[in-house]
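Following: one structure in structure tokens, then a few remarks.
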Amino acid sequence: MNEIVFKNVCKNYGNVEVIKDLNLTIPSGQRLVLLGPSGCGKSTTLRMIAGLESITSGDLFMGGERVNDLEPGDRNVAMVFQNYALYPHMTVGKNICFGMQISKVPKEEREKRLKEALEILGLEPFRDRLPRELSGGQRQRVALARAIVKRSPYFLLDEPLSNLDAQLRTTARAELVKIHEVYQPTFVYVTHDQVEAMTIGHQIALMNENVIQQMDTPDVIYNRPVNTFVGKFIGSPSMNIVTAWLDGGRIYLGETSAPVPEPWLEKLEGRTEVKFGLRPEHVQLSEKEGDFPCQVIYVENHGSRKCISFQVGKESYYMMTEADFETHDQMWLHINWRRAHFFDAQTQRNVGYPQW
Ligand code: ADP
């Protein structure tokens, strides 16, 4: 149907390789989020789908057809950018209908689609206003409405919510998901914001340094990161990842050590140096004796929770908790082994997880 497939796609600007051997299948009707730090190649990937960037080598298929040489106007895609560029002299209604007029959609059908889009996005009261008479959030909704009425089987969005304030972004995310569920186009969404990615994507393709590091559901990306980059990129504050040593069935964090449970020992057999990962939200500290003695260094109040910075030996870690702690409290770290992650010290790749 409307699946998008990249086969061994490379993109160079002059001598600079911006996309390296991209193999990616976006199933028809799914929401895929391209996530990653600035400059990793997300927009370039999206723009290749739209036909706004040429493909240096490899093949791109849309709906089963090879589209490398197809003009943007012939690809039947709807795009929404961060900069939504509405026509300033046209009302909301006219802005939304303009594309349909150009492509000669009959008047009755135009009216029907306009009405529907205004309703879905709560824009009915603003139909006759000019863009300058709208808030940023309302303008962004007009840009979305303009894309929806095209009824394209492909919906491409490049950081569409970046200009909105935090509260509006939350409601806009929900709106986007709602819109997708009504029309179910194949949906590709570019962002550097992990919260957007987690809340919007059926699948996330997390990119770094011009390659996809991991593509999977938000749950798997969060719970089973394939390497330290993915582990650190998803989650806030980032996963604690420290160098640890294994010896005699024990794990050493600096000079202190604790026993490692049997299932993990089997998984880690033959290793001495490893990277040990623990998410701040999975850290447990208490006064009761546990695995590692530690000291609370700093307490930051985030309102609903507190971010606690603490040290085991010389290494600093973070914990997110609802509990109260005082700076300089002497505590014990209790490792929740079912929430622990281990990565290879050299390759940084995840070593896998035991069966419990
Ligand atoms: P992202 O969307 O992840 O921020 P981009 O896809 O925009 O990244 O860019 C990927 C890389 O390609 C960046 O290093 C960027 O500087 C480079 N790049 C993008 N467009 C051009 C261009 N027209 N000419 C040369 N380099 C470019």
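The values are calculated or read from the model by the stated rules, or taken from the named source; none is laboratory data. This structure is a prediction, so every number in the text was calculated from the model and none was measured. Cβ atoms come from the backbone with ideal geometry, glycine included; neighbour counts cover every protein chain shown. Only protein heavy atoms, including side chains, enter the accessible area calculation; ligands, DNA and RNA are left aside. Shrake-Rupley method; radii C 1.70, N 1.55, O 1.52, S 1.80 Å.
Only one residue in MET319, MET331 is in contact (Cβ under 8 Å) with a residue 40 or more places away in the chain and not polar (S, T, N, Q), so which one is that?
None of the other options fit; the residue is MET331.
Would you confirm whether or not the range 52-75 contains a residue that is touching a residue at least 60 places away in the same chain (Cβ under 8 Å), open to solvent by 20 Å² or more (accessible area, probe 1.4 Å) and within 15 Å of the ligand (Cβ to nearest atom)?
First, the residues of the range 52-75 that are touching a residue at least 60 places away in the same chain (Cβ under 8 Å): 62-64, 75.
From the residues that got through so far, the ones that are open to solvent by 20 Å² or more (accessible area, probe 1.4 Å) too are 63-64.
Narrowing further to those that are within 15 Å of the ligand (Cβ to nearest atom): none.
Among the residues of the range 52-75, not one is touching a residue at least 60 places away in the same chain (Cβ under 8 Å), open to solvent by 20 Å² or more (accessible area, probe 1.4 Å) and within 15 Å of the ligand (Cβ to nearest atom), which makes the answer no.
Considered as a group, the residues in the range 83-99 that are at pLDDT below 95 and buried (at least 17 other Cβ atoms within 10 Å of the Cβ) include one that is farthest from PHE187 (Cα to Cα), and that residue is LEU86.
Pull up the range 31-43, narrow it to residues that are within 6 Å of the ligand (Cβ to nearest atom) and in contact (Cβ under 8 Å) with a residue 12 or more places away in the chain, then point me to the one that is surrounded by the most Cβ atoms within 10 Å (Cβ to Cβ).
Just the residues of the range 31-43 that are within 6 Å of the ligand (Cβ to nearest atom), to begin with: 36, 38-43.
Checking the rest, the ones that are also in contact (Cβ under 8 Å) with a residue 12 or more places away in the chain come to 36, 38, 40-43.
Numbers: GLY36: 27, SER38: 7, CYS40: 22, GLY41: 22, LYS42: 24, SER43: 19.
Only one residue fits best here, namely GLY36.
Listed by position, the helices (runs of 4 or more DSSP H) enclosed by the range 216-279 that each have at least 2 residues that are of a type in the set (Asp, Glu) and either in the same structural domain as SER309 (by TED's automatic domain parsing) or in contact (Cβ under 8 Å) with a residue 12 or more places away in the chain (or both) are 262-267.
Matching residues to (1) among the hydroxyl-bearing types (Ser, Thr, Tyr); (2) over 26 Å from VAL18 (Cβ atoms):
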| residue | (1), (2) |
| --- | --- |
| THR186 | yes, no |
| VAL226 | no, no |
| PHE229 | no, no |
| GLY254 | no, yes |
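Is it true that LEU46 is touching a residue at least 60 places away in the same chain (Cβ under 8 Å) and within 14 Å of the ligand (Cβ to nearest atom)? Yes.
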